[in-house]
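**Q** Structure below; questions to follow.
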Amino acid sequence: MNHLRTTLLFYIAALLCLSTACGGQKEEPAQTDWSPAQMARAVWDSQPALEGYPLASGDEDFEPYLRDPLGVDPADVAEGAVLYAGGVNAQEVVVLRMAEEEDVEDALKTLADYADARAGAFAGYAPEQYDIAEGAAVAERGQYAMLFIVPDQDAARDAMAGCFLLPPPEEPPAVPVSGEPDPVPEPEVPVPAPEPVPDVEPDPVPALDPVPEPEPDPVPEPGPDPETHPAPEPDPAPPAEPWTYDQARIVTAWTSGDRTGLYQEDLDILAVLEQIPALTDPDLSLYQRELALHDWMLDWAEYDPGELSSGPVGEPMPHNDDPYGFLTGRKGICTGYASTFQLLMELCGIPCLTVNGTSHGGADEHAWNLVQLGEDWYAVDVTWDDPVASFEVPPYMAHMYFNVTSNFLRQNDHFWDPEGVPEASGMALAWAG
């Protein structure tokens, strides 16, 4: 309920901010000779320089993008254009000329909901991009519905106003549909005519030596009697069922040293685990081992950028939600981080649970861990300790969610069903810098 109220307030505030002028009247004029593609490019170019991937009416991916992720019915759109950054970047500009003016209000609400969902996608994972998405604004002008997810809203508003007051450029901005520059044709190089080849008498062909008669194959000697010397049994074949991650199977193989019958994916996981010093260092306490493995995870992998991309560029990595993807592909989402941390704790003998909850006001799924050290439980969110940022993450930010209390998580956008989940109340082993 709080999330819905926040979304509606966001929508109303943004609409009042950009779609009205002094006295509360709609800005005029409401018609323009600019195409949606030109308008979107003008707003995009008003922001700090950034590559953008364009979609426009007629492009193969435009109508699918309207339906998902934007959530707009393509039948309601007469013409439109989108520019988005892709990857771990929230910036996006949407300009839609609706088929009917009465469709504008619904489109604005849908675009506002989409912007709120984009903010949720970055919550905790990319703080800078979350702030940009949280500051997104929708605007209307006549039959146009627009969305600006940009860092400089004032510049975006001024650029859009210019599209209604100034003549359009003679040619639309040259932006290839794929986002890739057109190839530069190579200059033609004249090919010289071949020089004549002088007549040369061929060398005489030497006579071939006679082919020797093949010798008969030796007769094999009789082997051992199968009754007294049975043949050794072949190594057991790997399981025939498709591989799925099984923590118990990995833990058993690690503790026993027996690799018989494992899948190749299991062996790949174990090969990475064997390279982690903190798993085998006998001089570390349980707390020191936990901290070292937490920090190793931050250095080893990153949040999967394909999971945050809004457009058809940047596909999520397979198995980004389990330790195989995290350890071998070095990318993961929250469930990949949490399941990997739980595996590492199990290998150390530290009791550990994964909590499946939500963030962003309860709107987005999220996962983190609880560990037991001594008699106390502590909460650990490795994913949010590994944010994507344009700056070097300082140590305090990389340990903000290490060994904290449940109350701290509640105060910082974590929500979960407490039934069956231990309350993390330990403070003695919190990170102290």
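The values are calculated or read from the model by the stated rules, or taken from the named source; none is laboratory data. Computed from a prediction, not measured in an experiment: that's the story for all the values here. Every residue, glycine as well, gets a Cβ built from its backbone with ideal geometry; the counts of neighbours run over all protein chains shown. The area values use the complete protein model at the heavy-atom level, side chains included, leaving out ligands, DNA and RNA. Shrake-Rupley method; radii C 1.70, N 1.55, O 1.52, S 1.80 Å.
**Q** What are the pairs, 6+ residues apart or on separate chains, where a residue within region 319-340 that is open to solvent by 20 Å² or more (accessible area, probe 1.4 Å) and modelled with pLDDT under 95 has its Cβ under 8 Å from a residue that is among the hydrophobic types (A, V, I, L, M, F, W, C) and in a helix (DSSP H, G or I)?
**A** none
**Q** Of the residues that make up region 278-289, is at least one within 28 Å of E423 (Cβ to Cβ), touching a strand residue (DSSP E or B) at 6+ places or on another chain (Cβ under 8 Å) and without any contact (Cβ under 8 Å) to a residue 40 or more places away in the chain?
**A** Taking every residue of region 278-289 in turn, none turns out to be within 28 Å of E423 (Cβ to Cβ), touching a strand residue (DSSP E or B) at 6+ places or on another chain (Cβ under 8 Å) and without any contact (Cβ under 8 Å) to a residue 40 or more places away in the chain.
**Q** Now for a separate question. Quick one: is R330 under 25 Å from the mean Cα position of the chain (by Cα) and basic (K, R)?
**A** Answer is yes for this residue.
**Q** How many residues, within region 293-316, are surrounded by fewer than 20 Cβ atoms within 10 Å (Cβ to Cβ), within 25 Å of G86 (Cβ to Cβ) and modelled with pLDDT of 95 or more? Please lay out each step first, then the result.
**A** Within region 293-316, the first condition is being surrounded by fewer than 20 Cβ atoms within 10 Å (Cβ to Cβ), and the residues that meet it are 295-296, 298-300, 302, 305-306, 312-316.
Narrowing the set further to residues that are within 25 Å of G86 (Cβ to Cβ) leaves 298, 300, 302, 305-306, 312-316.
Among the residues that remain, those that are also modelled with pLDDT of 95 or more are: 298, 300, 302.
Count: 3.
**Q** Scan region 254-284 residue by residue and report those that are within 17 Å of F341 (Cα to Cα) and in a loop (DSSP other than H, G, I, E, B).
**A** E274, Q275, I276, T280
**Q** Among the candidates D73, D59, D68, D33, single out the residue that is at pLDDT 90 or above, more than 23 Å from S310 (Cα to Cα) and out of contact with any Gly (no Cβ under 9 Å at 6 or more places or on another chain).
**A** D33
**Q** Got a sec? Which of E134, E105, E101 is modelled with pLDDT under 95 and open to solvent by 30 Å² or more (accessible area, probe 1.4 Å)?
**A** E101 is the lone residue from the list that is modelled with pLDDT under 95 and open to solvent by 30 Å² or more (accessible area, probe 1.4 Å).
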